[in-house]
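A.B. asks: One structure is given below, represented as structure tokens, and several questions about it will come after.
The values are calculated or read from the model by the stated rules, or taken from the named source; none is laboratory data. A quick note: this is a predicted structure, and the numbers were derived from the prediction, not measured. Cβ atoms come from the backbone with ideal geometry, glycine included; neighbour counts cover every protein chain shown. SASA here: full protein model, heavy atoms, side chains in, ligands and nucleic acids out. Shrake-Rupley method; radii C 1.70, N 1.55, O 1.52, S 1.80 Å.
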Amino acid sequence: MKAIAVIPKKQNSVHLVEMEKPKLDEIKDGRGVLVEVLRVGACGTDREINNGEYGVAPEGFDFLVLGHENFGRVVEGGENVKELQKGDFVVATVRRPRGSSIYDKIGEQDFTTDDKYYERGISRIHGYMAEFYVESADFLIKIPPAIAEIAVLLEPLSIIEKGLKQAGDIQERLKIWHPKTAAVLGTGNVGLLTVMALRLRGYEVHGFGKQARQGYLNAELCEAIGATYDSTDDLSIADSTKNYGEYDLIFEATGYSPIIFDAMQSLNENGILILASVTGGKRTTDGVPSDVINQKFVLGNRAMVGTVNANREHFEMGVKDLALCEAMYAGWLARMLTHKVEGLENYAQVFEILNNAGEYKAIKAYFEVNKI
Ligand SMILES: [Zn+2]
């Protein structure tokens, strides 16, 4: 079968490989499921791995098959797979509990304290940019046929679901918390999915991006589900509170770390700031008003939390939100799927779009490996 791989840490090494089709018995206890890949999303993580910034090959291989944002169809299952049938649509989770930390041992590997990650398509396990994969049914999420067209968005959405779940759990410290307004910083595909998830929860949502509003599809999508959009070139987050009030919840997804200090000053009393950007650089920030920020956090009982990866429960929450979004804002999610590339052999096209997302006005580029 065909697959798309990189040589980890080698710049621009993306290439097509020919591999053996995986077999059910690679998974023990009769829990294996063979899945035909239908769609695979591509994102900044794939771009950064192909740039040689990170990524680790599985043991015994000098290459890593890419792909973590997946959607497929069950071909067959082992004798102990009762929950899935041939023909079912599925999305697989990404991180596996193979580390030594207590969190891995109790199946909460998204909270692992290990430095080594086991993530399909990213670190130490081959990914989903292939014609088939085999996985334990424990890591497969069943997808209702009605959301098949947009289910490739589930993996990125799962990250947001985890962040919002974390925020909700933390805010139980308050015996009563009825959040009303939220700011979402960054309106790429993660930001847009966050705007959507918060609108479904009834928040008044304000989206912020770098681009000017005019002719920016992402801004249109914010407004199409009742959120506002502002460019931070025209209106800083801190200044926006004069128009919108302080925010009960802020979700940061820009990848630009200095903005978090602005966000910390824009949070309402008892509010919570969720940080979800991975910023691998060495940027430092001068002129941070640390006394003001500290005072606000202490006197206003404000909270801030970082969040990464997602577990099975967050994917399951995401399935419900995708279905609810289709019910409330039919067709909105499909507008995020801006660039379809047919066939794994056309990988160069996907990376061309990823490397020049601004020019292509791309929100989500994805492979159609097989027809739904
Ligand atoms: Zn991704």
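A.B. asks: May I ask for the angle, rounded to the nearest 10°, between helix 154-170 and the longest principal axis of the chain, with both axes built from Cα atoms and the value confined to 0 to 90°?
C.D. replies: Taking the Cα atoms of the chain, the angle to 154-170 is about 50 degrees.
A.B. asks: Then there's this: Computing the accessible area with a 1.4 Å probe over protein heavy atoms, can you report the carbon and sulfur percentage for the chain? Present the calculation step by step, with values, prior to reporting the outcome.
C.D. replies: Numbers: 8120 of 16680 Å².
Accessible surface attributable to carbon and sulfur in the chain totals 49 percent.
A.B. asks: Calculate, for the chain, the solvent-accessible area per residue in square angstrom, rolling a 1.4 angstrom probe over the heavy atoms of the protein chains. Write down the numbers at each step before the final one.
C.D. replies: Values: 16680 Å² over 372 residues.
Value returned for the chain: 45 Å² of accessible area per residue.
A.B. asks: A further question on this structure: Label region 144-258 by shape, choosing from rounded, prolate and oblate, from the square roots a ≥ b ≥ c of the eigenvalues of the Cα gyration tensor; if a/c is under 1.5 it is rounded, and otherwise prolate applies when a/b is larger than b/c, oblate when it is not. Please list the in-between numbers first.
C.D. replies: Details: a/c = 1.73, a/b = 1.05, b/c = 1.65.
Here region 144-258 falls in the oblate category.
A.B. asks: Continuing with this model, one more query. Near Gly78, within a Cβ-to-Cβ distance under 14 Å, what is the net charge of the other residues, with Lys and Arg +1 and Asp and Glu -1?
C.D. replies: Values: positive: Lys23, Lys28, Arg31, Lys82, Lys86; negative: Asp25, Glu26, Asp29, Glu76, Glu79, Glu83, Glu135, Asp138.
Result for the neighbourhood of Gly78: -3.
A.B. asks: Go through Leu267, Val94, Met336 and say which Cα lies farthest out towards the positive end of the charge dipole of the chain; charges sit on Cβ, +1 for Lys and Arg, -1 for Asp and Glu.
C.D. replies: The Cα lying farthest towards the positive end belongs to Leu267.
A.B. asks: Given the pairs Lys82/Lys142; Lys86/Lys165; Lys116/Lys371; Lys116/Lys340, which are separated by over 24 angstrom at their Cα positions?
C.D. replies: Details: Lys82/Lys142 12 Å; Lys86/Lys165 32 Å; Lys116/Lys371 36 Å; Lys116/Lys340 33 Å.
Result: Lys86/Lys165; Lys116/Lys371; Lys116/Lys340 exceed 24 Å.
A.B. asks: Check which residues have an amide H placed less than 5 Å from Phe132's amide H, if you skip close sequence neighbours.
C.D. replies: The answer is Val37.
A.B. asks: Mind telling me which of Phe251, Phe71, Phe63 comes out most flexible in a GNM of the chain, alpha-carbon contacts under 10 Å?
C.D. replies: Phe63
A.B. asks: Through the Karplus equation 6.51 cos²θ - 1.76 cosθ + 1.60, θ set to phi - 60°, convert the phi angles of region 221-236 into ³J(HN,Hα) values in whole Hz; use x for Gly and Pro.
C.D. replies: 5, 4, 5, 5, 10, x, 9, 9, 10, 9, 7, 5, 5, 9, 9, 6
A.B. asks: Can you give me the C-alpha center-to-center distance between region 217-264 and region 110-184, rounded to a whole angstrom?
C.D. replies: Each part's Cα centre sits 23 Å from the other's.
A.B. asks: Next up: Please list, ordered by chain and number, the residues whose modelled amide H lies under 5 Å from the amide H of Asn70; skip anything fewer than 5 residues away on the same chain.
C.D. replies: Result for Asn70 returns Gly41, Ala92, Glu155.
A.B. asks: In square nanometres and to one decimal, what's the mean projected area of the convex hull around the Cα atoms of region 98-200?
C.D. replies: Numbers: hull surface 37.8 nm².
Approximately 9.4 nm², given one-decimal rounding.
A.B. asks: May I ask you to list the residues of region 305-324 whose amide nitrogen lies under 17 Å from a point 7 Å from Cα along the Cα→beta-carbon direction of Tyr54?
C.D. replies: Counting backbone N atoms under 17 Å from the label point, the list is 306-311.
A.B. asks: Under the Kirkwood approximation applied to all pairs of distinct alpha-carbon atoms, what is the hydrodynamic radius of region 329-372 in Å? Write out the running numbers ahead of the final one.
C.D. replies: Working: mean 1/r = 0.0901 Å⁻¹.
The Cα-based Kirkwood calculation yields 11.1 Å.
A.B. asks: Under a plain spin-label model, where a point goes 7 Å from the Cα along Cα-to-Cβ, how far apart in nm are Gln85 and Ile170?
C.D. replies: A separation of 4.3 nm, rounded to one decimal place.
A.B. asks: Here is a further query. What does the convex hull of the Cα atoms of the chain come to per residue, in Å³, rounded to a whole number?
C.D. replies: On the way: hull volume 54.7 nm³, N = 372.
Enclosed volume per residue, from the Cα hull, is 147 Å³.
A.B. asks: Let me have the 222 nm mean residue ellipticity of the chain computed from DSSP H runs of 4+ only, each contributing -39500 (n - 2.57), with the sum over all residues rounded to the nearest 500.
C.D. replies: On the way: 11 runs with 102 residues, N = 372.
That calculation yields -8000 deg cm²/dmol at 222 nm.
A.B. asks: If you build the convex hull over the alpha carbons only and average its shadow over all orientations, what do you get for region 39-169? Give it in nm² to one decimal.
C.D. replies: Values: hull surface 37.9 nm².
For region 39-169, averaging the hull's shadow over all directions gives 9.5 nm².
A.B. asks: With an 8 Å cut-off on Cα pairs and a minimum separation of 6 or more residues, tell me the relative contact order of region 260-309 in percent.
C.D. replies: Here the relative contact order equals 57 percent.
A.B. asks: Considering only Arg47, Arg98, Arg73, give the residue with the highest GNM mean-square fluctuation for the chain, with springs between Cα atoms whenever their separation is below 10 Å.
C.D. replies: Arg98
A.B. asks: Shifting gears a bit: Could you list, bin by bin from short to long, the percent of Cα-Cα pairs of region 144-207 in 5 Å steps?
C.D. replies: P(r) over region 144-207, rounded to whole percents: 4, 16, 23, 25, 17, 10, 5, 2, 0.
A.B. asks: Rounded, prolate or oblate, given the Cα gyration tensor of region 81-141, with a/c below 1.5 counting as rounded? Each step should come with its number before you reach the end.
C.D. replies: Details: a/c = 3.24, a/b = 1.58, b/c = 2.05.
Because a/c hits 1.5 or more and a/b fails to exceed b/c, region 81-141 counts as oblate.
A.B. asks: OK, next. Under 18 Å from the Cα of Lys175, which aspartates and glutamates turn up, not counting those fewer than eight places away in the same chain?
C.D. replies: Asp248, Glu269
A.B. asks: Here is a further query. Separation between the Lys2 and Ser236 pseudo-spin-labels, each 7 Å from Cα along Cα→Cβ, expressed in nm?
C.D. replies: Each label point is offset 7 Å from its Cα along the Cβ direction, giving 5.0 nm.
A.B. asks: Tell me the net charge near Ala238. Cut-off is 11 Å between Cβ atoms, Ala238 excluded, with +1 for each Lys or Arg and -1 for each Asp or Glu.
C.D. replies: Values: positive: Lys242; negative: Asp239, Glu246, Asp262.
Once all neighbours under 11 Å are counted, the net charge is -2.
A.B. asks: Same structure, new question: Tally Lys/Arg at +1 and Asp/Glu at -1 over every other residue whose Cβ is under 12 Å from the Cβ of Phe297; what's the total?
C.D. replies: On the way: positive: Lys296, Arg302; negative: Glu269, Asp291.
Summing Lys/Arg as +1 and Asp/Glu as -1 gives 0.
A.B. asks: Please compute the length gained on full extension between Val298 and Ala323, using 0.36 nm multiplied by the number of residues separating them and subtracting their Cα-Cα distance.
C.D. replies: Values: separation 25, 0.36 × 25 = 9.00 nm, distance 3.94 nm.
Between Val298 and Ala323, full extension yields 5.1 nm more.
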